[in-house]
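Comments concern the structure below.
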Amino acid sequence: MLRKITTNFNSIFCFILTILLSTNIKAAWDDLNMTEGVTGISKEIFDLHMLIYWICVVIGLIVFSIMFYSMFAYTKKKNPNPSTFHEDTKLELAWTVVPFLILVFMAIPASNTLTKIYDDVEGDINIQVVGYQWKWQYKYLEDDINFFSNLATDWDEINNKIPKGEFYLQEVDEMVVIPVGKKVRFLITANDVIHSWWMPDFAIKQDAIPGFINTAWTVVDKPGIFRGKCTELCGKNHGFMPVVVKVVPQEEYDAWVQDKREEAFKMAELTEKNWTLEELNQRGEDVYLKNCVACHQVNGQGIPGIFAALAGSDIALNNRAKHIEILMEGVQGAAMQSFANQLSEVDMAAVITYTRQAWGNAENGDGEIVVPKDIVEYKKPKG
Amino acid sequence: MSAAIESHNHDDHHHGPAKGLTRWLYTTNHKDIGTLYLWFSFAMFLIGGAMALVIRAELFQPGMQIVEPEFYNQMLTLHGLVMVFGAVMPAFVGLANWLVPMMVGAPDMALPRMNNLSFWILPFAFFVLLSSLFMEGGAPNFGWTFYAPLSTTYAPPSVTFFIFSVHILGASSIMGSINVIVTIMNMRAPGMTLMKMPLFVWSWLITAYLLIAVMPVLAGAVTMMLMDIHFGTSFFNAAGGGDPVLFQHIFWFFGHPEVYIMILPAFGITSHIIETFSRKQLFGHTSMVWAMTSIAILSFVVWAHHMFTVGMPLAAELFFMWATMLIAVPTGVKVFNWVATMFKGSITYETPMLFAIAFVVLFTIGGFSGLMLAITPVDFQYHDTYFVVAHFHYVLVPGSVFAIMAAVYFWIPKWTGNMYDERLGKLHFWLSFVGVNVTFFPQHWIGLAGMPRRYPDYALQFADWNMISTIGAFLFGASQILFLFIVLKTVMGGKKATSKVWEGSRGLEWTLESPPPYHTFTTPPKVD
């Protein structure tokens, strides 16, 4: 019996070994393991992970071998008369002290790496990262660049109406761009609830907490696009606010900074322009789909009891001043946040106009439009 | 006065339970209350399990198919709360009720009326909690850890009902714990010194102290939430000068001992079963007691390992890493002791033994991943991914839940006087064993590969293993129906059990007939 089990065991073992050796499986295995990442720290962390993993495997093999040996060798049939030993001070001392020593051996490199991670003197580039329900805002403190990064995956893909793309749920409308080889420091905080900014390839995971600024830093040596996620439950669309960072050579980074500045200049010009209803409506619909649908839904009906309906709402129908105020200030004690810093004057005016026009609101209410200058006016200090 | 005498006389002749529903409603008997706890826990296990299956069904494929993300969050929140507070904890309290008096040689629990109260407020707590599913705005949707401000400023209105429910659960647990402590401290049979006490009793003594220490902390946390939501305070609201991280410190100061509350009694159960079926006295009884005590003490100084990413100072991160790693030492001692008990024993493999061995192996795997999670820098990669989900399900499902099932199989012949169907028991074990591993083992991999927890939808590279995990979950879920069937069958009849039930039985409970008399030990037995 035992012999048969042993031969079976041998053949299974050989089978597993063959599998492990074939390179295809090796690649598949890498997909199941932690990423090594692209920074010095991330590689150190990966090595620590593998070290502690193998320590566990070895201890596990030893303990379980003794256990399975006992299970086979000391059945009632083979050993009808059990031994009576039930303590052994030396043995017990040994299996208290030896694990302790192994832990000390493990704690030393772990503490060293941790100390390195915490050494976060000022970076070459400082980027403030702000978590919102459910998107990220990035502010480049030195270059005065400021933008939001939203999920770019089509909701029709999520709802299985069209095929899913390669970077399903891992793509954004605007990536964070950083240069190769520079120390980049992230100052991470949140506007509403707690989020967590995770970039596995840099081994950075830092909670974004309202009222706190957490820091993390990285130096990336390799250009590329790296994808991460929000890792602290932050409400309904927690799964739909990815992090994407593009690492580029220095020249490309400088050009990008230049582009962003020109874009901001153009936006200022747009604010001055005279807008027609159609133009506002069109722009407003885009803004709405990007920023508002998550709660208020495509049909403007919201979710009863949680998120207010806009279609047929008295404010959207007849109270233009209050409508602007809500978007600018948010609603105290509710999920509705202030969009004053999130949307440009143009987008703000457009989305208010759109929600006052769509879903029959124009027919049922005053249908008054809001132009960018109205928002500029609102922002001026009062009195 | 004469009426009192009369009723006293009447009692003398009437040692059985009352008939009908009032037996269960008014009962002060430790066995009846134990039975109520166990059935209640099983009902909650099925409800919480059904919620888990909703979660797994949604994750079967990428994309949103079955539920909305909002409802998904409600499911994962209620699944956690129901399983922790409704299934695992009441099951252990039920076992304590049944077993502690029998093991220490007492007639009943020390405080029988409080015992009745501590059970009967539980169904109301869960009625309040589960009714929130039908409220406007839906059930709590902020995870079982309910981090502020998601659970305060941004919570659905039903959060108030959730807070009320947690208060009731806390009161129930504290009353139950006081009862256990008073019983153990005062009602042990003559000669049973503390160090001679059976390990299940020891494990519950320690657990009860943990509960009394941390349940008020949880009550404090939810009360502060209540104040923030309704009375304009700002404990956790940064805009009002409060501190969202404070919430996490308070929650985990409760939460980490809570984790051991759910595993210590399982240690006790496993020790009894392994020594019985190895037909050999447990190795290192004294070191087992010390190991459990050190684990309990350490559990108060490791809470922030759940919070490595909140931005604590380096010194705190180092301290909590080292303290957490230290827990591996006493936990290792327990595992080594179990293995040493089996070594040179005379082992048979009845269903309780199978569950107990699976407990040792799979709990140890959960312990290994726990050790990996303790390494702070590496935790930056593991934190809040499916690796964590795999870790705590390994210690809770094939850990606590398997131990509870092992206990049911082990003691049900004593409780009912009938043997369970061994063939069906083994079938149930193997189905559960395969189901649990197929469900949770792949979650280690998808976690390492980068899938965060509490995600209703995921990127395409996680699709295969999520599908397999879901298949395993349904297998595990379905096999629990078999468990229900086996238990019912045993309650209704079966081969009669002897007093000793198992060949290798040790302990006072096996000196009682099966089923035991209604008032367990009317005269205290003598322990040498």
- Query: Among the residues of segment A:95-117, is any surrounded by 15 or more Cβ atoms within 10 Å (Cβ to Cβ), in a loop (DSSP other than H, G, I, E, B) and out of contact with any Phe, Trp or Tyr (no Cβ under 7 Å at 6 or more places or on another chain)?
  - Reply: no
- Mind checking which residues of segment B:495-528 are in a helix (DSSP H, G or I) and touching a Lys or Arg at 6+ places or on another chain (Cβ under 9 Å)? B:509, B:510, B:511
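Mind checking whether some residue in segment B:207-223 is modelled with pLDDT of 95 or more, in contact with a Leu (Cβ under 6 Å, 6 or more places away or on another chain) and more than 20 Å from residue B:331 (Cβ to Cβ)? Break it down stepwise before answering.
At the first step, the residues of segment B:207-223 found to be modelled with pLDDT of 95 or more are B:207-223.
Restricting the remaining residues to those that are in contact with a Leu (Cβ under 6 Å, 6 or more places away or on another chain) gives B:207.
When the remaining residues are screened for being more than 20 Å from residue B:331 (Cβ to Cβ), the result is none.
Taking every residue of segment B:207-223 in turn, none turns out to be modelled with pLDDT of 95 or more, in contact with a Leu (Cβ under 6 Å, 6 or more places away or on another chain) and more than 20 Å from residue B:331 (Cβ to Cβ).
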- So, in segment B:259-280, of the ones that are crowded, with 24+ Cβ neighbours inside 10 Å and of a type in the set (D, E, K, R), which residue ends up farthest from residue B:210 (Cα to Cα)? B:280
- Message: Given the condition in contact (Cβ under 8 Å) with a residue 12 or more places away in the chain, touching a strand residue (DSSP E or B) at 6+ places or on another chain (Cβ under 6 Å) and over 19 Å from residue A:256 (Cα atoms), answer yes or no: does some residue in segment A:137-144 qualify?
- Response: no
- Query: Quick one: would you say residue B:451 is buried (at least 17 other Cβ atoms within 10 Å of the Cβ) and closer than 24 Å to residue B:273 by Cα?
  - Reply: no
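Quick check on residue A:150: is it surrounded by fewer than 16 Cβ atoms within 10 Å (Cβ to Cβ), in contact with a helix residue (DSSP H, G or I) (Cβ under 9 Å, 6 or more places away or on another chain) and at pLDDT 90 or above?
Numbers: surrounded by fewer than 16 Cβ atoms within 10 Å (Cβ to Cβ): no; in contact with a helix residue (DSSP H, G or I) (Cβ under 9 Å, 6 or more places away or on another chain): yes; at pLDDT 90 or above: yes.
No, not satisfied.
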- Note on the structure: Considering residues that are in contact (Cβ under 8 Å) with a residue 60 or more places away in the chain and either at the interface with chain B (Cβ under 7 Å from one of its Cβ atoms) or surrounded by 15 or more Cβ atoms within 10 Å (Cβ to Cβ) (or both), the number found within segment A:72-94 is 0
- Given the conditions (1) touching a residue at least 12 places away in the same chain (Cβ under 8 Å); (2) under 17 Å from residue B:376 (Cα atoms); (3) surrounded by 17 or more Cβ atoms within 10 Å (Cβ to Cβ), report the number of the one that residue B:312 does not fulfil. (1)
- Say we look at segment A:214-235 and pick out the residues that are of a type in the set (D, E, K, R) and within 12 Å of chain B (Cβ to nearest Cβ); which of these is farthest from residue A:199 (Cα to Cα)? A:232
- Note on the structure: Counting only residues in segment B:103-139 that are within 14 Å of chain A (Cβ to nearest Cβ) and free of Cβ contacts under 8 Å to residues at least 40 places away in the same chain, the one surrounded by the most Cβ atoms within 10 Å (Cβ to Cβ) is identified as B:132
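Are any of the residues in segment A:175-186 over 23 Å from residue B:380 (Cβ atoms) and modelled with pLDDT of 95 or more?
Looking for residues that are over 23 Å from residue B:380 (Cβ atoms) and modelled with pLDDT of 95 or more, one finds at least one in segment A:175-186, hence yes.
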- State whether one or more residues within segment B:372-395 are farther than 30 Å from residue A:117 by Cα and β-branched (Val, Ile, Thr). yes
- Number of the condition not met by residue A:238 [criteria: (1) within 9 Å of another protein chain (Cβ to nearest Cβ); (2) more than 10 Å from the chain's Cα centre (by Cα); (3) crowded, with 24+ Cβ neighbours inside 10 Å]: (2)
- Examine segment A:52-75 for a residue that is closer than 30 Å to residue B:342 by Cβ, part of a loop (DSSP other than H, G, I, E, B), in contact with a strand residue (DSSP E or B) (Cβ under 7 Å, 6 or more places away or on another chain) and not β-branched (Val, Ile, Thr), and state whether such a residue exists. yes
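Within segment A:166-178, can one find any residue that is hydroxyl-bearing (Ser, Thr, Tyr) and either in contact with an Asp or Glu (Cβ under 7 Å, 6 or more places away or on another chain) or within 14 Å of chain B (Cβ to nearest Cβ) (or both)? Show your work before the answer.
Taking segment A:166-178 first, the residues hydroxyl-bearing (Ser, Thr, Tyr) are A:168.
Adding the requirement that they be either in contact with an Asp or Glu (Cβ under 7 Å, 6 or more places away or on another chain) or within 14 Å of chain B (Cβ to nearest Cβ) (or both) leaves A:168.
Scanning segment A:166-178, I find at least one residue that is hydroxyl-bearing (Ser, Thr, Tyr) and either in contact with an Asp or Glu (Cβ under 7 Å, 6 or more places away or on another chain) or within 14 Å of chain B (Cβ to nearest Cβ) (or both), so the answer is yes.
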- Looking across segment B:384-394 at residues that are buried (at least 23 other Cβ atoms within 10 Å of the Cβ) and more than 8 Å from chain A (Cβ to nearest Cβ), the single one that is nearest to residue B:338 (Cα to Cα) is B:394
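Of all residues in segment A:265-287, which are among the small types (Gly, Ala, Ser) and either free of Cβ contacts under 8 Å to residues at least 60 places away in the same chain or loosely packed, with under 12 Cβ neighbours inside 10 Å (or both)? It would help to see each step written out before you state the result.
Filtering segment A:265-287 down to residues among the small types (Gly, Ala, Ser) leaves A:268, A:284.
Hit for segment A:265-287 is A:268, nothing else.
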- Looking at segment B:477-494, which of its residues are surrounded by 13 or more Cβ atoms within 10 Å (Cβ to Cβ) and not in a helix (DSSP H, G or I)? B:494
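Go through segment B:365-383 and give me each residue that's in a helix (DSSP H, G or I) and within 7 Å of another protein chain (Cβ to nearest Cβ).
B:368, B:371, B:372, B:376, B:377, B:378, B:380, B:381
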- Residue within segment B:92-102 that is among the small types (Gly, Ala, Ser) and surrounded by 24 or more Cβ atoms within 10 Å (Cβ to Cβ) present: yes
- Task: Output the residues belonging to segment A:296-333 that are in contact (Cβ under 8 Å) with a residue 24 or more places away in the chain and facing chain B (nearest Cβ under 10 Å).
- Result: A:306, A:307
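Residues checked against (1) among the polar types (S, T, N, Q); (2) under 30 Å from residue B:373 (Cα atoms); (3) more than 28 Å from the chain's Cα centre (by Cα); (4) within 14 Å of chain A (Cβ to nearest Cβ):
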{"residue": "B:449", "(1), (2), (3), (4)": "no, yes, yes, yes"}
{"residue": "B:463", "(1), (2), (3), (4)": "no, yes, yes, yes"}
{"residue": "B:471", "(1), (2), (3), (4)": "no, yes, no, no"}
{"residue": "B:495", "(1), (2), (3), (4)": "no, no, yes, no"}
{"residue": "B:527", "(1), (2), (3), (4)": "no, no, yes, no"}
- Query: Could you count how many residues in segment A:31-71 are over 30 Å from residue A:198 (Cα atoms), more than 7 Å from chain B (Cβ to nearest Cβ) and surrounded by 14 or more Cβ atoms within 10 Å (Cβ to Cβ)?
  - Reply: 2
- Item | Residue that is farthest from the other protein chains (Cβ to nearest Cβ), among those in segment B:218-249 that are among the aliphatic types (A, V, I, L, M), surrounded by 15 or more Cβ atoms within 10 Å (Cβ to Cβ) and farther than 18 Å from residue B:164 by Cβ | B:245
- Residue hits (segment A:353-383; in a helix (DSSP H, G or I), surrounded by 15 or more Cβ atoms within 10 Å (Cβ to Cβ), small (Gly, Ala, Ser) and touching a residue at least 12 places away in the same chain (Cβ under 8 Å)) are A:358
- Task: Of the numbered conditions (1) over 23 Å from the mean Cα position of the chain (by Cα); (2) farther than 16 Å from residue B:406 by Cβ; (3) facing chain A (nearest Cβ under 7 Å); (4) modelled with pLDDT of 95 or more, residue B:347 fails exactly one; give the number of that condition.
- Result: (2)
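The values are calculated or read from the model by the stated rules, or taken from the named source; none is laboratory data. Values in this document were obtained by computation on a predicted structure and should not be read as measured data. Note that each Cβ is placed from the backbone with ideal geometry, even for glycine, and that neighbours are counted across all protein chains shown.
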